[in-house]
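A short worksheet on the structure shown next.
The values are calculated or read from the model by the stated rules, or taken from the named source; none is laboratory data. Predicted model, so just to flag it, every value in this text is computed and none were measured. Each accessible area value is taken on the protein alone, full model and side chains, heavy atoms only, with ligands, DNA and RNA left out. Shrake-Rupley method; radii C 1.70, N 1.55, O 1.52, S 1.80 Å.
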Amino acid sequence: MAPSVQKRHGDDPKQGITANTLYDQLKRFFEECGRVLDSLDDAKGADRLRRASTHWLRHTHASHAIARGIRVEIEKEILGHASLATTVYVSTEEKRRMKAMAKLWAKSWHSCRPSSCLGICIWQR
């Protein structure tokens, strides 16, 4: 058990930890990860982790969940947002859909033959 938790609650894990304790522990963890990335010559990644916070972690979770297919409406509920308007991850979902469509259009452009689209394909014009 973390020393800061023991001071406050003894050895009883049922007491939990405060939000401030969790924040402090995560900040120390992010700082240590930053040092590791520095040792691997990844200064940009190290800087990003040093600036990371619990709020950043919350946004990162939501972005990754939506990118992996969780519906925005479900993530809105998980985040406790009152409406989709406050769930800014909608733009992430829209970008993902547009990227998928761009991939489809690129495939159509390369594979379209007049015989396969009955000569009406816009790509052949």
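Quick rundown of the values:
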| quantity | calculated |
| --- | --- |
| Rounded to the nearest 10 Å², the accessible area of Thr60 at probe 1.4 Å | 40 Å² |
| Quarter of the Cα convex hull surface for segment 14-81, i.e. its orientation-mean projected area (nm²) | 6.2 nm² |
| Entries in Lys76/Lys99; Lys27/Lys103; Lys14/Lys95; Lys76/Lys103 that, when Cα-Cα distance is taken, lie over 32 Å | Lys27/Lys103; Lys14/Lys95 |
